């Protein structure tokens, strides 16, 4: 997976924004009127709840927990068969941003289509990567980072309190409850790090890098392969052989495999890992439906890493 992004997606999003702006703003005004004027036109809360849109479901799950009954969260991406940086938004997707009072994107150029759509609206924008000081060019899979999760949760709560000050105390309590769950997750990570600290691992892609770092693990992915993966280019035969040799030689004690990006190349890597009896942790980039929320998902992954 690349940290570079195609300008095609940005142009698609820009065109979609231009095409639906007038229609969506008019629709927001009609919704407000239909609800007896409980909210001003375009504020995304005409139903009495805060309308929230999240580009990816893992951040949407956090938004739902932090808002409780006071929010209505719409997730754009909910399946594991498409990556956010490859996603091409429809005009309906972009329209959802215009109906929202709060928009949550991942940022770090991971979902540029969502950042572009949100920028053209009056919605309060929460950029998860930006809250943690993670910029374009850095690893964008920030939901795996404890620092980013905490910072994003607080930014979402602040956005809710701004949009709905009447329930400010409710949002504060929901935030406290969420942090208690995050603290429990971080305690689990700390306990697991007793087994994983310093463990050399390699990855077919740098998806779970932040989680592995929180676990104290050492990234031993061969440089040539890692750079090719980060640049979304094909690793050379020498890169692939170097990876296979490192697995066979015992330099790598765990392989992290993003099943969303399975290919003939990753087949060669996973086959080498199996032949060398190197444990494989499989995961997906997007949160699958088997998990209730982001923290539930992260907790399950910690268990997998610790079980190796």
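The values are calculated or read from the model by the stated rules, or taken from the named source; none is laboratory data. This structure is a prediction, so every number in the text was calculated from the model and none was measured. Virtual Cβ from ideal backbone geometry, glycine too; neighbours counted across all protein chains shown.
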Any hit, the range 167-190, residues being assigned to a strand (DSSP E or B), out of contact with any strand residue (DSSP E or B) (no Cβ under 6 Å at 6 or more places or on another chain) and assigned by TED's automatic domain parsing to the domain that holds residue 62: no
Considering residues of the range 157-175 that are within 22 Å of the chain's Cα centre (by Cα) and closer than 15 Å to residue 65 by Cβ only, the residue surrounded by the most Cβ atoms within 10 Å (Cβ to Cβ): 160
Per-region count, the range 214-269, residues touching a helix residue (DSSP H, G or I) at 6+ places or on another chain (Cβ under 8 Å) and either exposed (fewer than 13 other Cβ atoms within 10 Å of the Cβ) or on the phi > 0 side of the Ramachandran plot (or both): 4
Residues that are over 30 Å from the mean Cα position of the chain (by Cα) and more than 25 Å from residue 301 (Cβ to Cβ), drawn from the range 238-274: 238, 241, 242, 245, 248, 249
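Residues are listed down the side, and each one gets a yes or a no for (1) in the same structural domain as residue 125 (by TED's automatic domain parsing); (2) part of a helix (DSSP H, G or I); (3) at pLDDT 95 or above:
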residue	(1), (2), (3)
154	yes, yes, yes
157	yes, yes, yes
205	no, no, no
225	no, yes, yes
Check on residue 211, in the same structural domain as residue 287 (by TED's automatic domain parsing), more than 20 Å from residue 59 (Cβ to Cβ) and either in contact with a helix residue (DSSP H, G or I) (Cβ under 9 Å, 6 or more places away or on another chain) or without any contact (Cβ under 8 Å) to a residue 12 or more places away in the chain (or both): no
Residue, nearest to residue 80 (Cα to Cα), within the range 273-296, restricted to residues that are out of contact with any strand residue (DSSP E or B) (no Cβ under 9 Å at 6 or more places or on another chain) and outside any loop (DSSP other than H, G, I, E, B): 294
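If I ask for residues that are modelled with pLDDT under 95 and either within 20 Å of residue 218 (Cα to Cα) or in the same structural domain as residue 56 (by TED's automatic domain parsing) (or both), which ones from the range 254-282 would you list?
258
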Condition check for residue 137: over 24 Å from residue 71 (Cα atoms), out of contact with any strand residue (DSSP E or B) (no Cβ under 8 Å at 6 or more places or on another chain) and modelled with pLDDT under 95: yes
Test: residue in the range 138-152 that is closer than 29 Å to residue 94 by Cβ and either over 21 Å from the mean Cα position of the chain (by Cα) or free of Cβ contacts under 8 Å to residues at least 24 places away in the same chain (or both): yes
Total residues in the range 227-252, condition under 14 Å from residue 272 (Cβ atoms), touching a residue at least 24 places away in the same chain (Cβ under 8 Å) and part of a helix (DSSP H, G or I): 6
Some residue of the range 285-308 being surrounded by 14 or more Cβ atoms within 10 Å (Cβ to Cβ) and more than 27 Å from residue 188 (Cα to Cα): no
